[in-house]
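Data first, discussion second: the structure below is written as structure tokens.
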């Protein structure tokens with residue numbers, strides 16, 4: 001982790017050791033190029049390359065086809081997954097006439113702006129700010145899938161900020177290309193996890209989640225957790241399961257070694273007694289957003305789920321009840337008890353921790369449009385109100401609640417009264 005890039009004896013085509021070891025196409029080996037011709041000074045990507053990039057939406061999921069395409073391209077001497085024209089001439093010298101302006105722009109965007117939004121603050125001495133601005137790009141030097149996914153997040157962020165139609169669409173397509181390339185390479189790496197790449201794989205799976213959020217809904221039935229309008233869902237939940245699997249396979253001392261060190265638990269709560277009292281309370285009191293009276297609405301919902309009978313077994317009821325109880329824990333850590341107090345673990349103050357811990361059985365019930373699962377999701381989405389400044393969540397709350405209102409119908413829609421009112425949509 002963080003070791004210098006190993007180069008082959010052939011300096012004309014240097015290769016990184018990890019790409020060679022895991023059989024992943026290396027951007028140094030093939031010379032990267034989103035464009036097949038010289039870069040245009042007026043366009044992010046050429047018209048030819050735009051025709052090869054799929055349209056607006058989530059990063060592709062047919063990774064087998066992607067890798068086959070890469071192999072065909074490599075055999076023919078070109079690579080669709082490359083990000084710039086070759087940096088090296090036939091004589092092995094750097095071609096100074098063709099700098100990679102696209103990736104330079106994405107890298108600058110990431111380290112100067114996007115990284116701070118992922119860290120959640122702009123304090124230069126914060127360990128997570130240091131990680132996203134300094135450590136993450138250096139992880140990407142040894143693990144190119146991490147760099148591609150960082151470029152993708154930066155591209156989506158630039159597209160979010162620039163609403164000029166042509167520029168916006170080009171940036172999204174560029175982000176999708178890097179997301180597809182990064183995820184394809186990450187998928188290959190997940191089959192060959194070891195101590196040298198587990199940290200990079202872990203943080204890259206996190207970046208995949210950010211890319212999915214930033215790409216926005218793929219259609220009316222996209223409920224973030226799954227798409228209920230599709231017979232087969234290609235969603236980001238496999239990345240969540242991948243994160244959990246990596247945590248199970250590797251000890252923290254291995255997973256969070258070197259450049260990944262800021263993610264160690266010791267950096268958040270090394271000594272509870274040493275934690276200032278102001279940092280032990282509910283999240284709302286620290287971050288300054290309004291407290292919501294959540295106890296009665298969620299208590300009523302719990303009573304409904306306990307008494308609900310759809311003819312299924314106890315295990316079915318248990319899945320929804322466990323999912324709701326996990327959500328109640330998040331609410332308590334976020335808003336505190338009636339007096340606003342909270343003295344529990346800080347890990348429950350992260351709203352997305354609920355999604356991280358979701359059981360596959362709950363997702364399956366969502367897909368089947370079980371009213372209990374749909375209602376619980378609505379109460380989760382309300383927590384997006386505490387993350388109004390998070391750019392990659394923009395419009396998700398409105399989209400999901402609007403769709404859930406339609407899916408529940410007249411019989412159960414009254415359970416959405418509190419979520420809709422809290423979100424200002426009633």
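Just so it is clear, none of the values below were taken in a lab; they were calculated from the coordinates. The model shown is predicted, which means the values in this text are computed figures rather than measured ones. For neighbour counting, all protein chains shown are included, and Cβ atoms are generated from backbone atoms with ideal geometry for every residue, glycine included.
Hey, fewest Cβ within 10 Å first, where do 187, 402 land in order? It would help to have the intermediate numbers written out before the result.
Details: 187 20, 402 13.
Going from least to most buried by this count: 402, 187.
What is region 276-422 by shape, rounded, prolate or oblate, if you read a ≥ b ≥ c off the alpha carbon gyration tensor as root eigenvalues and call it rounded for a/c under 1.5, prolate for a/b larger than b/c, and oblate otherwise?
Working: a/c = 1.84, a/b = 1.50, b/c = 1.23.
Because a/c hits 1.5 or more and a/b exceeds b/c, region 276-422 counts as prolate.
Compute the distance in nm between two label points, each set 7 Å from the Cα along the Cα-to-Cβ direction, one at residue 138 and one at residue 402.
With each label placed 7 Å out from Cα toward Cβ, I get 4.5 nm.
Please work out how much length the chain gains when fully extended from residue 286 to residue 264, using 0.36 nm per residue of separation minus the C-alpha to C-alpha distance, in nm with one decimal. Show your work: numbers first, answer last.
Working: separation 22, 0.36 × 22 = 7.92 nm, distance 2.20 nm.
Answer, rounded to one decimal: 5.7 nm.
Using a 10 Å cut-off around each Cβ, can you sort 308, 151, 406 from fewest to most neighbouring Cβ atoms? Don't skip to the answer; put the middle values down first.
Values: 308 16, 151 27, 406 10.
In increasing order of surrounding Cβ atoms, one gets 406, 308, 151.
Could you work out how much longer the chain between residue 300 and residue 125 gets when fully extended? Use 0.36 nm per residue separation minus the Cα distance between them, nm to one decimal.
Values: separation 175, 0.36 × 175 = 63.00 nm, distance 4.40 nm.
Full-extension gain reported as 58.6 nm.
Would you mind pulling out the separation of the Cα centroids of region 152-229 and region 280-305, in Å?
31 Å
Quote the relative contact order of region 122-196 in percent (integer), defining contacts as alpha-carbon pairs under 8 Å separated by 6+ residues. Let's see the in-between values first.
Working: 56 pairs, mean separation 20.9, N = 75.
Answer for region 122-196 is 28 percent.
In what sequence, highest mean first, do 343-349, 248-254 appear when ranked by Cβ atoms within 10 angstrom?
Working: 343-349: 14.9, 248-254: 12.1.
In descending order of packing, they fall as 343-349, 248-254.
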